[in-house]
Structure formats: C-alpha cells, structure tokens
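Data first, discussion second: the structure below is written as structure tokens.
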Amino acid sequence: MSLSDELRRIFEADRAMRTAETALLRKRSSEKLIELLESETEQALRMDDRDEATMRLERLADLCAQVPGPRMTDAVIAILNDTEPRVRVAAGEALRDLGFERYAEVARGIERALESDSRGPAMSELPWVLAEIAEPSALALIRRFLEHRDPDVAAAAIEAIAQLQDPEAMKDLERFTGDPRQVTLEDFEDEEKTTIGELARDALAMLGFEFS
C-alpha cells in the first residue's frame, strides 16, 4: 500500500469517527447512553491492557463531557484519577471545556469529590482546572483543597491560587508559610522537592506580598 493510500485511510477513519460520534450523541440526554458511558468508563479504568485503556479513556473523557448531567461530570473526574498522564491531560481539558460552558455542573462535581474525601491524582488536578476556568467562585472551591489531608493536594491548591492572582487569597496562603511538609513537584520528567511553606511563600511573592 502506498503512502497516499495510508494517508487516505487516516482521513477515512477520522471521517467515520466523527460520523459515529454525531450519531451516538444525538440522544445525549438518553438514560441508556449515560449508562453505557458510565459502564464503559468503569471497564476501561479496570483494564490491564494500558494501551487499550488509554485510548478508550481519552475518547470517553471527551464523550462524557458532551453529555449533560452530574453522572457524566463524575465520570470525567473518575477518568482524571487515572495514573496515565495522557489520560489525565485529556480529562482535564474535557473538564475545563465543560466548565467554560456549564460551570455549575463542574463545580458541583468537584464539591462531590471533596465531600466524599476522594484520593488520587484527580485531587491534585482539580485545583488547576478551577484556576484555568477562573470563575468568580473558583477561589472558594480551591480553598477547600488547602485543607486536604494529602500534602500534594494542598500544594496543588497553593499553586492554583497563585495562578489566579487574586489578592484575597493572601490570608489563605499566610497560614501555610511555616508548613514543613515535603512535597514533590513534577514538571514533565523532572521532579523537585520542596515544602508547603516554601510554595506558600513563593505564591505570596507572586501576589505582591512583602515579607518583613
């Protein structure tokens, strides 16, 4: 098969996928569709074949975000809790885009995750999602992550607050300037160890706080 034939096959596959997605989402409020997407998400999260699971979860994150309702928001947050970075990127982007369109659904989903004392990677990703959406109520929700028992989650909340650049957050950050808990910051393949206190001081400096 020639290179042009291979490229044509890619175009045809993309066209077929868009057509199938449009047909699937025609009944986006259907209970059967919601049940199907929930079931497929749960199965993909349990799969031993990580390559197959990654492919499915990336697609499911996008599909679930296009279907309204709390169950689908919860499904995207569940996908955000996967250990594969590519999957979390896809879920984070889907959740962010959903937040721009239907912020209340995302906010309530995050509140449910907090109230259920959820653990895992999603809890460190959600403050960033809120900071990117940057709705007026984002700070109030991110504050709740500061109290999470996992120091990595609190660290993510501090960094997300710094990104918001909201002066009202200074009093929240000041409480943590002496916090000695160690955390590991990941930047692609690099890792850096620091403390909650150092992060809080850096965030305050970004907000213009002057230390005496």
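Just so it is clear, none of the values below were taken in a lab; they were calculated from the coordinates. All values reported here derive from a predicted model rather than from experimental measurement. Using ideal geometry, Cβ is built from the backbone for each residue, glycine included, and neighbour counts are taken over all protein chains shown.
Tabulated data
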read-out: Size of charge dipole - the chain - debye, nearest 20, with Cβ of Lys, Arg +1 and Asp, Glu -1, no other charges; value: 820
read-out: Most fluctuating residue given options ASP14, ASP150, ASP117, as computed from a GNM of the chain linking Cα atoms under 10 Å; value: ASP14
read-out: In Hz, Karplus ³J(HN,Hα) per residue of the stretch 197-204 (6.51, -1.76, 1.60; θ = phi - 60°; x = Gly, Pro); value: x, 5, 4, 4, 5, 4, 5, 5
read-out: Gain on full stretching of the segment that runs from MET47 to GLU21 - 0.36 nm per residue minus C-alpha separation; value: 7.1 nm
read-out: Sites LEU185 and ASP117 - FRET efficiency at Förster radius 35 Å, r taken between beta-carbons, to 0.05; value: 0.90
read-out: Tilt relative to the chain, helix 85-101 - C-alpha long axis, 0 to 90 degrees, to 10; value: 90
read-out: The chain: proportion of alpha-carbon pairs further apart than 32 angstrom, %; value: 26
read-out: Cross-link reach list, aspartates and glutamates versus LYS32, counting only Cα pairs under 16 Å and skipping chain neighbours closer than eight places; value: GLU21, GLU40, GLU42
read-out: Theoretical FRET efficiency, 1/(1+(r/R0)^6), r = Cβ-Cβ of ASP150 and LEU36, R0 25 Å, to 0.05; value: 0.15
read-out: Residue-wise HN-Hα coupling along the stretch 56-68, computed from phi with Karplus coefficients 6.51, -1.76, 1.60 (Hz; x: Gly, Pro); value: 5, 5, 4, 6, 5, 4, 5, 5, 4, 5, 8, 9, x
read-out: Sites ARG71 and ARG8, calculated FRET efficiency, Cβ-Cβ separation with R0 30 Å, nearest 0.05; value: 0.15
read-out: Rounded to whole Hz, the Karplus (6.51, -1.76, 1.60) HN-Hα couplings of the stretch 130-139, x for glycine and proline; value: 4, 5, 5, 5, 6, 6, x, 8, 4, 4
read-out: Segment GLN165-VAL89, extension gain: residue separation times 0.36 nm, minus the distance between their alpha carbons; value: 25.0 nm
read-out: Under 5 Å, built H, 5+ apart or other chain: amide partners of VAL183; value: THR194, THR195, ILE196
